[in-house]
Amino acid sequence: MFRRSIYKTPAQLRSMVEPGLITAAALDAVRPLIRPGVTTLELDAEANRVILERGAESNFQLVRGYRHTTCVSVNEEVVHGIPGERVLEAGDIVSIDCGAQYQGWNGDSAITVVVPDAERPELVARREELSRVTEGSMWAGIAAMATARHLGDIGAAIQGYIEEQGVSSVSGRTYGILREYVGHGIGRKMHEAPSVFNYRTPDPGAEVKPGLVLAIEPMVTAGGEETFVEDDDWTVSTTDGSDGSHWEHSVALHADGIWVLTASDGGAAGLAPFGVTPAPIA
Ligand code: MG
Ligand code: MG
């Protein structure tokens, strides 16, 4: 069987800029709507509106058996939550995962937001800390991609970052990393080879070199690493009921450096603490 190269040409990388920006725009539009009283289906509708308005289509709807534009995962749900009638409440931790396909190329990105709750500042602090650690581990993995020789260097950077955070200052527990769910290559299809593990692996993995485009997406919990799939056959929740967070960006490595396709600034702000400056795709 013919296997498509995991390394893309400069022209192919250029084709991935617009779907990345459309994905970013969809999440930017959803972010301010995440507040008490909104349903997860309303968030999904807004993401879909933006994607269609930009002349793209939802690539989540191209996944067999899935009808929505986003996954919305709340509290102990970590990933793959199905949008529906659930009404968000103050203090909820909400992960939104979304992707656009434009002219045959794909973007994929996720954010986590904690709904403000003036009554429960400790709960909010604990959940915001989980989100910060998860987001930071994603940026650590993206920064590692700039200098990595093999894919395994990226997973090691993600796990290393999470371990450096030690225990949660609020919950007193170490963070868990989901093992069964991983990042991936992205291009003509939303999910392509290779897998991108969010932890150290014995195998160094594929060579990291120009042309590689990865969706880097740590899924982190405030407790255990064990999960189960809910009766809806999609939603992945923690077995111990601890909170989950999910952050994701699609990132291209090219001749001049890395560029975060699903960030409007190419990742400049997120990468600055790691001393990495993204380079636009020429
Ligand atoms: Mg995603
Ligand atoms: Mg993904």
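In region 65-81, is there at least one residue being touching a Ser or Thr at 6+ places or on another chain (Cβ under 6 Å), away from ligand 1 (no atom under 16 Å from the Cβ), closer than 25 Å to VAL124 by Cβ and part of a loop (DSSP other than H, G, I, E, B)? Steps first, answer last, please.
Step one: of region 65-81, the residues touching a Ser or Thr at 6+ places or on another chain (Cβ under 6 Å) are 69, 72-73, 76-77, 79-81.
Cutting the leftovers down to away from ligand 1 (no atom under 16 Å from the Cβ) gives us 76.
Those still in the list that are closer than 25 Å to VAL124 by Cβ too: 76.
From what is left, the residues that are part of a loop (DSSP other than H, G, I, E, B) are 76.
So far as region 65-81 goes, yes, one or more of its residues are touching a Ser or Thr at 6+ places or on another chain (Cβ under 6 Å), away from ligand 1 (no atom under 16 Å from the Cβ), closer than 25 Å to VAL124 by Cβ and part of a loop (DSSP other than H, G, I, E, B).
Please go through region 143-170 and give me each residue that is β-branched (Val, Ile, Thr), out of contact with any Gly (no Cβ under 6 Å at 6 or more places or on another chain) and open to solvent by less than 20 Å² (accessible area, probe 1.4 Å), ordered by number.
Quick first cut of region 143-170, residues β-branched (Val, Ile, Thr) only: 147, 154, 158, 162, 167, 170.
Imposing the further condition that a residue be out of contact with any Gly (no Cβ under 6 Å at 6 or more places or on another chain) reduces the set to 147, 162, 167, 170.
The answer is ILE162, and nothing else.
Just to check your reading of the model, which residue among SER237, SER245 is of a type outside the set (Val, Ile, Thr) and within 15 Å of the chain's Cα centre (by Cα)?
Values: SER237 fails: within 15 Å of the chain's Cα centre (by Cα).
Sole residue among the options that is of a type outside the set (Val, Ile, Thr) and within 15 Å of the chain's Cα centre (by Cα): SER245.
SER195 is checked against (1) open to solvent by 30 Å² or more (accessible area, probe 1.4 Å); (2) in contact with a helix residue (DSSP H, G or I) (Cβ under 9 Å, 6 or more places away or on another chain); (3) away from ligand 1 (no atom under 16 Å from the Cβ) and fails just one. What number does that condition carry?
With respect to (1) open to solvent by 30 Å² or more (accessible area, probe 1.4 Å); (2) in contact with a helix residue (DSSP H, G or I) (Cβ under 9 Å, 6 or more places away or on another chain); (3) away from ligand 1 (no atom under 16 Å from the Cβ), SER195 is out only on (3).
Among the residues of region 171-179, is there at least one that is touching a residue at least 60 places away in the same chain (Cβ under 8 Å), more than 23 Å from LEU261 (Cβ to Cβ), assigned to a helix (DSSP H, G or I) and among the basic types (Lys, Arg)?
No: zero hits.
Please state which one of SER264, SER250 is surrounded by 22 or more Cβ atoms within 10 Å (Cβ to Cβ) and either part of a loop (DSSP other than H, G, I, E, B) or polar (S, T, N, Q) (or both).
Matching residue, one of SER264, SER250: SER250.
Looking for something open to solvent by 40 Å² or more (accessible area, probe 1.4 Å) and more than 24 Å from ALA269 (Cα to Cα) - is there at least one such residue anywhere in region 125-137?
no
Looking only at region 53-101, how many residues end up being within 14 Å of ligand 2 (Cβ to nearest atom), within 14 Å of the chain's Cα centre (by Cα) and either open to solvent by 60 Å² or more (accessible area, probe 1.4 Å) or under 27 Å from GLY176 (Cα atoms) (or both)?
Residues meeting the conditions: 12.
The values are calculated or read from the model by the stated rules, or taken from the named source; none is laboratory data. Computed from a prediction, not measured in an experiment: that's the story for all the values here. Cβ coordinates were reconstructed from backbone atoms using ideal geometry, including for glycine residues, and neighbour counts include every protein chain displayed. For the accessible areas, the whole protein counts, side chains as well, though only heavy atoms, and no ligand, DNA or RNA atoms are used. Shrake-Rupley method; radii C 1.70, N 1.55, O 1.52, S 1.80 Å.
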